[in-house]
Amino acid sequence: MKHENTAVAITGFGVISPIGIGAQEFTTGILEGRSGLKPINGVVANRVPFEQACVIPEFEVKTYLGKKGTQSMDRTTGLAVAASGMALRHSGFAITPANETRSGVVLGTSTGSMRSISTFTKETFVQHPPYLVSATEFPNTVMNCAAGQCAIWHNLKGINATVSGGRLSGLLALRYASLKLRLGYTDLLLAGGVEEFCEHTAWAFHHLRQGLRNESLPIGEGCVMLALEKSAAARCAGRYVRAEILACEIQMCPLAQQPNCGQLSEGLANCIQAALDSAGVSPRDVWGVSLQGCASELGDPETRALTTILKENTSVQYLRISPLVGETYSAAGVFQIAAVLARLSHSPAHERVVLVTSFSHGGSVGCAVLRG
Amino acid sequence: MRLAITGTGMLSSVGLNAPECFSALCRGTSGNKSIQLFAPERYNVKRAYEIMGQNVERTDQSSRATQWLSKAIFEAVQNARMVSEHTRVALLVGTGLRELRSLELWWTSAHAMRVADLHFGRAVQHHINGRLPVMTLSNACSASLFALGLAEDLLQLGEVDAVIVAGADSMTESMCGLLDRVSPLHPEGVQPFDMNRRGVLLGEGAAALVLETIESAKQRGVEPLAWLRGVGMSCDASHETAPDVIGVKRAMEDAHRRANITPEIVDLILAHGTGTHLNDETEAKAIGMLLGSRIHHVMISALKGMIGHTAGASGLMSVVTAVECLRQHCVPPMVGLDEPMAEVRGFNIVANEARRTLIKIAQIHAFGFGGVNAVAIVEKAA
């Protein structure tokens, strides 16, 4: 296995999901196969195009983080700040003045808070001249607001990055964070992805989905933050290594004008192979795959790609998180990882290698190789 | 992790290849001349450190930076005995203003140019007869040292086996005009760390080196000229233009951490030394804080009194020079320094003439506007 001395470990995770808040509740939800789908009634004030979604009505920013400093905090930021705190506690890593500049955040979010951006922008049009808008709402409209607040709340004064990559955001954040750790730029990174439910994303989702009729997943929301460190350092400090990241590869596959399942599955297969090569793992050694699972009228490029690569391996376990938490977009990749961690923690046995695959109809493909 | 520097190349106002440059620098040669490239009558600043080549012409040409860059890369590649069959190679270029001078000439004198000529990629690939990926970064005056840091990352991650790192910048009339407006004292020469320093003057140059893993060098049967021990970086996050002592010191500490050394074993510092009021004061304070009582022992020199401020190329030009210092046991003098400023009292500055002495570890500085700092540590090859 390559990168033995620079392997990156997941030592904890924080999760706020439609099937449970906190690592323990989430794990129970996974094992029970609990559905996060529930009525939207009362979750948002305005009309939305459907009656049910995978939402988290019990998560309220002020309840979880207190009233102090949360007066103008939006849901995206609240989810990320709360999940970051959970991840730190779960890992047992204590932030101190001695290590705070070597600790940071890498957050995957494709847009930041759509509600904050849309509301603020609307205000600039509908207010009477001179278009006075509330200055306290402005910070919420910049994409790195959530990552910045995570740093402020938890004293993470090192790397602070916001990664925007659609459905690939989660794996992109994981790759970026792993590279920074392996190269020694930092000692602890909270890496993850966040997606909030609001009227604006609901309508956008509704209209975008109309082009892809068979995409049957309901919209979801939530946040997963992973506590990442170098394995050697984590073991040295006596922290439990829940899983190791052996590889995380992202590629763009060239697509013709119209998205095409064949091209996408070929691109994803190449990416999975590259990740296996980089991890030094043979397809035979793969125990499971945590799927993104977004089949549509375009077909199912993910299953096709995996069949090509894992054809001789008939005992692979498939984990499917998206039917439980819905389409969580920027958080999808990290939800897949959280599902792996939940599954591994439930039955600790011999070491198992799990793949996490991700793709978008724009042609970005990704694959992470975990061992735990 | 030690990385092998297996070839170097350089052009400056005092020499058109690396050996020529180093011997001129050790003789204390200055490339300071009155401005030749454009009519200096319109400016208060009348002098610069230009590359005039063998044929001194008053007329300016397009693509000068690209030509020097190509030559420096060619020299480094030849020097490293690298052939195009070495497949997993990337090329990183650090520059401040790329081919801005070509654009100026297109606008003011109707010199022919294509948009594609603004990029170095095509010309460079043509010169080394290869189709390797060319990436250009522009981090102000620390660009080429940032490129060196990125090369270190690429090799450490195993993405490639060798990286050609380069830097180049030519003078531009717009930059010269800008400098003219912001330097009220109209310097005639760069005087690093001098009490009466009056500011910076532009220089021109290019530098390149081949960096590879120990395994790659062994496999090819080439001996390293020197080792790269590490590149440290920092961002001041303090001021748009003014340098910051703490930020600069953080870059030095990061370099030492990455190189796994302590300040006690540094023999030589090639300083950024721009001769501006703020840079030199800030840099001297940071060096003083880093070295403490060791300040009397560590030799300090700077090249800008001889070759001017070569912008994005300056960091790598100092690295290529430092490699020769390690190999030839000689340190070029800090030309332009007559009366040391108060902040460098007690410093072991290589003044007046070159010093012949054994050096094992050299530290190279390059700091850019925006507070982007980079520091490299190189070590003598056994």
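The values are calculated or read from the model by the stated rules, or taken from the named source; none is laboratory data. This structure is a prediction, so every number in the text was calculated from the model and none was measured. Here the Cβ is made from the backbone with ideal geometry for all residues, glycine too, and neighbour counts use every protein chain on show. For the accessible areas, the whole protein counts, side chains as well, though only heavy atoms, and no ligand, DNA or RNA atoms are used. Shrake-Rupley method; radii C 1.70, N 1.55, O 1.52, S 1.80 Å.
Details
- Conditions (1) away from chain B (no Cβ under 14 Å); (2) open to solvent by 30 Å² or more (accessible area, probe 1.4 Å); (3) of a type outside the set (S, T, N, Q); (4) in a helix (DSSP H, G or I): number failed by A:Ile272: (2)
- From B:Glu223, B:Glu253, B:Glu240, residue being among the acidic types (Asp, Glu), open to solvent by 40 Å² or more (accessible area, probe 1.4 Å) and modelled with pLDDT under 95: B:Glu240
- Among the candidates B:Ser293, B:Ser314, B:Ser318, residue that is modelled with pLDDT under 95 and either basic (Lys, Arg) or in a helix (DSSP H, G or I) (or both): B:Ser293
- Taking the stretch B:107-126 as the range and being over 22 Å from the mean Cα position of the chain (by Cα) and under 19 Å from B:Glu204 (Cβ atoms) as the test, the residues that pass are B:Thr108, B:Ser109, B:His111, B:Met113, B:Asp117.
- In the stretch A:168-236, counting only helices (runs of 4 or more DSSP H) that sit wholly within it, the ones holding 3 or more residues that are closer than 12 Å to A:Glu327 by Cα and away from chain B (no Cβ under 14 Å) span A:199-209.
- A:Ala94, sole failed condition from (1) touching a residue at least 24 places away in the same chain (Cβ under 8 Å); (2) under 23 Å from A:Ala234 (Cα atoms); (3) open to solvent by 50 Å² or more (accessible area, probe 1.4 Å): (1)
- Residues in the stretch B:329-365 that are assigned to a helix (DSSP H, G or I) and surrounded by 15 or more Cβ atoms within 10 Å (Cβ to Cβ): B:Glu343, B:Val344.
- Residue match in the stretch A:135-144 (condition: part of a helix (DSSP H, G or I) and within 26 Å of B:Gln156 (Cα to Cα)): no
- Filter result for B:Ala90 (modelled with pLDDT of 85 or more and either away from chain A (no Cβ under 14 Å) or not in a helix (DSSP H, G or I) (or both)): yes
- Residue match in the stretch A:32-45 (condition: within 14 Å of chain B (Cβ to nearest Cβ), modelled with pLDDT of 95 or more and surrounded by 19 or more Cβ atoms within 10 Å (Cβ to Cβ)): no
- Contacts under 6 angstrom Cβ, first residue in the stretch B:253-281 being within 14 Å of chain A (Cβ to nearest Cβ) and part of a helix (DSSP H, G or I), partner open to solvent by less than 20 Å² (accessible area, probe 1.4 Å) and aliphatic (A, V, I, L, M), 6 or more apart: B:Ala255/B:Val375; B:Ala255/B:Ile377; B:Ala259/B:Ile377
- Each residue in the stretch A:345-370 was checked for being of a type outside the set (Gly, Ala, Ser) and either part of a loop (DSSP other than H, G, I, E, B) or more than 18 Å from the chain's Cα centre (by Cα) (or both), and 7 pass.
- Just one residue in the set A:Val334, A:Val289 is at pLDDT 95 or above, part of a helix (DSSP H, G or I) and either over 28 Å from A:Thr201 (Cβ atoms) or in contact with a strand residue (DSSP E or B) (Cβ under 7 Å, 6 or more places away or on another chain) (or both); that residue is A:Val334.
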